[in-house]
1. Just to be sure I understand: with springs between alpha-carbon atoms less than 10 Å apart, which residue in Leu174, Leu128, Leu19 has the highest mean-square fluctuation in the Gaussian network model of the chain?
2. Could you pull the accessible area for Met163 with a 1.4 Å probe, rounded to 10 Å²?
3. Within the chain, what whole-number % of the accessible surface is contributed by carbon and sulfur, with the 1.4 Å probe and all protein chains included in the calculation?
4. How far is the Cα center of segment 190-208 from the Cα center of segment 118-176, in Å?
5. Ignoring ligands and nucleic acids, what accessible area does Asp87 show with a 1.4 Å probe (Å², nearest 10)?
6. Picking from Ile92, Ile36, Ile66, which is most flexible by a Gaussian network model of the chain using Cα springs under 10 Å?
7. Mind listing the phi-derived Karplus ³J(HN,Hα) values for segment 92-102, rounded to whole Hz, using 6.51, -1.76 and 1.60 with θ = phi - 60°, and x for any glycine or proline?
8. Looking only at Leu124, Leu155, Leu94, which one moves most when the chain is put into a Gaussian network model with springs between Cα atoms under 10 Å?
Amino acid sequence: MAKKIFISYKHGDSNVYPLNNAWNSQTAKARDYVDIIESHFESTGDHIYKGERNNESLAEFKRDTIRGRLADKIYDSTVTIVLISPDMKEWISLEKDQWIPWEISYSLREKSRNNIPSKPNAILAVILPDRYGSYEYARSLNFGFEIINKNRNNLKYSYPSKMFESGCSKSYILMPTWEQFTSNYNGWIEAALEIRQNIDKYEISKSV
């Protein structure tokens, strides 16, 4: 059954690998990777993209208006995909003032609209290759947002797993590379959904 997918990403991060693999090609941005995922879902019909469209800029709106629109999209989704990119984090701003941590935090909450409840989303953090084609930057101890790091290796109680041969995932947020994710979109999404079904087995951190 098709799931509704929200994608959280740093739109203008250009420190990512050119999508046509040509070093002298036009600079790629994280948004270009979103377009690939969106196009894949549209062509296969496997899932429904609920995020911001490429021609749907929210930049002109006030922060509260943007937050409201994003909250609506996240509420109406089941899976949040976070695109990890080298310059996604603004070091001069507090994490609570940045969009990606807020979107993850909201995705992890139980929400209600018109007395209709919505459970926390499944979350996948997909690591994009940097401009040199490497994923090593994401393995640095100081890299990334705290809300992602706190929801890694946070398993409290083991449970039977159908998606993982070596036992259930030790982390609520899975972190495949772009290459791994695009080689098996549905497999990774189904794995994240299995984890979501067992969210009570994890120590979930929702705050930023």
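1. Leu19
2. In the full protein context, Met163 sits at about 80 Å².
3. 46
4. A separation of 11 Å, based on Cα centres.
5. 80
6. Of Ile92, Ile36, Ile66, the most mobile in the Gaussian network model is Ile92.
7. Computed from phi, the couplings for segment 92-102 are 8, 10, 5, 4, 5, 9, 10, 5, 4, x, 5 Hz.
8. Leu94
The values are calculated or read from the model by the stated rules, or taken from the named source; none is laboratory data. As the structure is a prediction and not an experimental result, all values here were calculated from the model. As a convention, Cβ positions derive from the backbone with ideal geometry for all residues, glycine included, and neighbour counts pool all protein chains shown. All accessible areas refer to the heavy atoms of the entire protein, side chains included, with ligands and DNA or RNA removed. Shrake-Rupley method; radii C 1.70, N 1.55, O 1.52, S 1.80 Å.
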